[in-house]
Amino acid sequence: MTPILFSMLFVAALLLTTLAKLWLARRHLACMAANRAAVPPAFSSSIALADHQKAADYTSARTRLGMLSVLFDAVLLLAFTLGGSIQYFAVFWQGILTDSIAQGMAVIVSVLVLSSLLETPFDLYRTFVVEERFGFNKMTPLLYVADALKSLFLGALFGLPLLFGVLWLMQRMGANWWLYVWGVWITFNLLLLFIYPTLIAPLFNKFLPMQDDGLKARIEALLKKCGFAASGLFVMDGSKRSSHGNAYFTGFGKTKRIVFFDTLLTRLTPGEIEAVLAHELGHFKHKHVLKRIVSTFALSLAFLWLLAQLMQADWFYRGLGVIPATGAGQAATTALALLLFFMVLPVFSFLLHPLTSAWSRKHEFEADAYAAQQADAGELAGALVKMYQDNAATLTPDPLYSMFYDSHPPAPVRIARLQTLKGRQP
């Protein structure tokens, strides 16, 4: 393949992906507008028209902002690649640093920091305009800056040693470097899973042991029934950032925790909380988390192998606006290959979204079915309706948009399935 041909292929894929995202977003907006005037029949007795319209307006506002973000990201990617920005950083750092690994790290960090800074206005608008307008934002500017600084510190603390290790292995381990990097990547991710609940998450939120003895006893009985061992039940102060509610498992091995947002506990009944937890236990019982971890590691192995092939191809660099170095500078070029590969990968993998989303929705149906066996399906349906209402989740997504993006089944489909499961319960 020639550099010009690959450039044309890249631009065509980027154009196709960008237009597809915008087209799906427009379909989503049109679907919500067409159904805004009336609550879907299945929810007419539980959700008021005003709440339904709030959900439509909130989702529409986020979708419109997402469309602007899609256009911006496409322009930014072109500026970094064919526009010559990555090549500029490469030349700049070659003139300052003599060590090839240091040069490569400097280029990657420069691009990541600049990208983050340029995308910050979208995040600020999302948080302090869209979320604020619809009554969800509890974040203060001071807390926002504190979170950003903590994230920057953690990124440097964990990311820089990892990046150095990866580039060192790419430089020193010969043709099979990708196997060594894969091993490091797996170890790093498992380590993060292990330390996140006790060392990282508390830097951002307070986690207090559940104080409601009655609810705690009910949950512990469910855990025992399902054969799940956790290191504790915790309530997180999610309300200091947002009024959205959720519950989740976190951790790995002996550090597994069950975490409830404080906003969730104030809205759901004990029976509904039990049903939501039973759904999460369904993911554990069906080994969904383990399956996703394994599939992620398998994909990462495939991607690293592909990168190992591409980094030998001159057309890959030149087709994306980078001039590969020769001789002593070849080690820095491996960093450019790593950066380019993971920047353009989403462009070529977008059409795989429906497959991953379908797999995730399958897991949600399986977890719902398990919850119906261990708790009350009607309670789970009631909890989901409250969560749809409180989180202003649209009840009328466009089917094609949902097929591409939604990791959970659309509300009408999911509630209907739970009603069927409820009818089968003794």
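Out of 381, 393, one residue alone is at negative phi, surrounded by 14 or more Cβ atoms within 10 Å (Cβ to Cβ), of a type in the set (A, V, I, L, M) and not in a helix (DSSP H, G or I). It is 393. In the stretch 88-99, the count of residues that are among the small types (Gly, Ala, Ser), part of a helix (DSSP H, G or I) and under 25 Å from the mean Cα position of the chain (by Cα) is zero. Residue 398 satisfies every condition listed in (1) touching a Cys at 6+ places or on another chain (Cβ under 8 Å); (2) at pLDDT below 90; (3) among the charged types (D, E, K, R) except (2). Restricting attention to the stretch 342-378, the residues that are in a loop (DSSP other than H, G, I, E, B) and either under 30 Å from residue 317 (Cα atoms) or within 18 Å of the chain's Cα centre (by Cα) (or both) add up to 0. Annotation: residue 72 fulfils all but one of (1) free of Cβ contacts under 8 Å to residues at least 24 places away in the same chain; (2) farther than 26 Å from residue 165 by Cβ; the unmet one is (1).
For the stretch 307-322, which residues satisfy the criterion of being within 14 Å of residue 91 (Cα to Cα) and loosely packed, with under 15 Cβ neighbours inside 10 Å? Break it down into steps so the answer makes sense when it comes.
Filtering the stretch 307-322 for residues within 14 Å of residue 91 (Cα to Cα) gives 321-322.
Result: no residue meets the conditions.
Rundown of residues vs (1) at pLDDT below 95; (2) out of contact with any helix residue (DSSP H, G or I) (no Cβ under 9 Å at 6 or more places or on another chain); (3) among the charged types (D, E, K, R), yes/no style:
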{"position": "1", "(1), (2), (3)": "yes, no, no"}
{"position": "8", "(1), (2), (3)": "no, yes, no"}
{"position": "13", "(1), (2), (3)": "no, no, no"}
{"position": "21", "(1), (2), (3)": "no, no, yes"}
{"position": "31", "(1), (2), (3)": "no, no, no"}
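Checking each residue in the stretch 34-80 for being surrounded by 15 or more Cβ atoms within 10 Å (Cβ to Cβ) and assigned to a loop (DSSP other than H, G, I, E, B) picks out 35, 36, 39, 46, 47.
Tallying residues that are more than 23 Å from the chain's Cα centre (by Cα) and over 16 Å from residue 223 (Cβ atoms) within the stretch 272-292 yields 1.
Beta carbons closer than 7 Å, at least 6 apart along the sequence or on distinct chains, pair a first residue in the stretch 363-380 that is among the aromatic types (Phe, Trp, Tyr) with a second that is not in a helix (DSSP H, G or I) for 365/409; 370/286. Being closer than 25 Å to residue 319 by Cα and among the hydroxyl-bearing types (Ser, Thr, Tyr) is true for just one of 151, 116. Which residue is that? 116 is the lone residue from the list that is closer than 25 Å to residue 319 by Cα and among the hydroxyl-bearing types (Ser, Thr, Tyr). Screening residue 207 with (1) out of contact with any Pro (no Cβ under 9 Å at 6 or more places or on another chain); (2) in contact (Cβ under 8 Å) with a residue 40 or more places away in the chain gives one miss only, at (1). Looking only at the stretch 135-161, residues that are in contact (Cβ under 8 Å) with a residue 12 or more places away in the chain and polar (S, T, N, Q) come to 1 in all. No other residue among 214, 271 is small (Gly, Ala, Ser), loosely packed, with under 14 Cβ neighbours inside 10 Å and in contact (Cβ under 8 Å) with a residue 12 or more places away in the chain apart from 214.
The values are calculated or read from the model by the stated rules, or taken from the named source; none is laboratory data. Bear in mind the structure is a predicted one, so any value in this text is a computation, not a measurement. Quick reminder, even Gly has a Cβ in these numbers, built from the backbone with ideal geometry, and neighbours come from all protein chains shown.
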